[in-house]
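Quick notes on the structure that follows.
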Amino acid sequence: MISSSSPIFSPQTNPWKTTGKRMVYDNPWIQVTEFQVVNPSGGPGIYGVVHFKNLAIGMVPLDEQGHLWLVGQYRYPLQAYSWEIPEGGGPLDVDPLLSAQRELLEETGIRATHWQLILTMHLSNSVSDEKALIYLATGLSYHDSQPEETEQLQLRKVKLEEAYEEVLQGKITDSISVAAILRLMLMKKENQLCCG
């Protein structure tokens, strides 16, 4: 067992050495780079990193009765249908709250007067630098949705407790949605929710 006081372990020191790199793929959303490295044991190797050109942003619109909205859509990488909280991408040079407000309106037709950042995450930090921010949106009003051409969405209004049960049953598996719903249940238990 290695303790944090051991001379071979220091959380502040990078044990990897980069000896070279080459970009292997690039599009408007992601860039994939292959790094030539010396690994922590001293051996040569490669490391592929996916750089995301946008923030991942999730929003939980929660009404005064404790209902939230889930968005259903077919996820191409999984070749499966997925129920999730409203989510989207936000340019790195734009205030993420503005991106959250835009995405919520686009996907659900909902506007909110109160916004609270409840969680920051790295979604798959062994292979990517993708960062996610999750907001709680309250003080809701309802308008027409404006989905993008790549989105074929369904909406479902459910109680927070029902969404939580779907997480526990493995029916909701999207990482941002799972984390957001678990965070909200913890906030409810600790009486930190302004509604619901």
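Derivation of every value follows stated rules applied to the coordinates shown; laboratory data play no part. What you see is a predicted model, and the numbers here were worked out from it, not measured in a lab. No Cβ is skipped: glycine too gets one built from the backbone with ideal geometry, and neighbour counts run over all protein chains shown.
Here are the numbers for this structure:
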{"read-out": "Count, lysine Cα pairs under 21 Å in the chain, 8 or more residues apart or across chains", "value": "7"}
{"read-out": "Percentage relative contact order, the chain, counting C-alpha pairs under 8 Å, at least six apart", "value": "20 percent"}
{"read-out": "Computed magnitude of the charge dipole of the chain (debye, nearest 20; Cβ of K, R +1, Cβ of D, E -1)", "value": "660 debye"}
{"read-out": "Tilt relative to the chain, helix 175-189 - C-alpha long axis, 0 to 90 degrees, to 10", "value": "60 degrees"}
{"read-out": "Cα-derived Rg to Rh of the chain, Kirkwood definition", "value": "1.05"}
{"read-out": "Shape parameters for the range 77-147, alpha-carbon atoms, Rg then Dmax in Å", "value": "13.4, 40"}
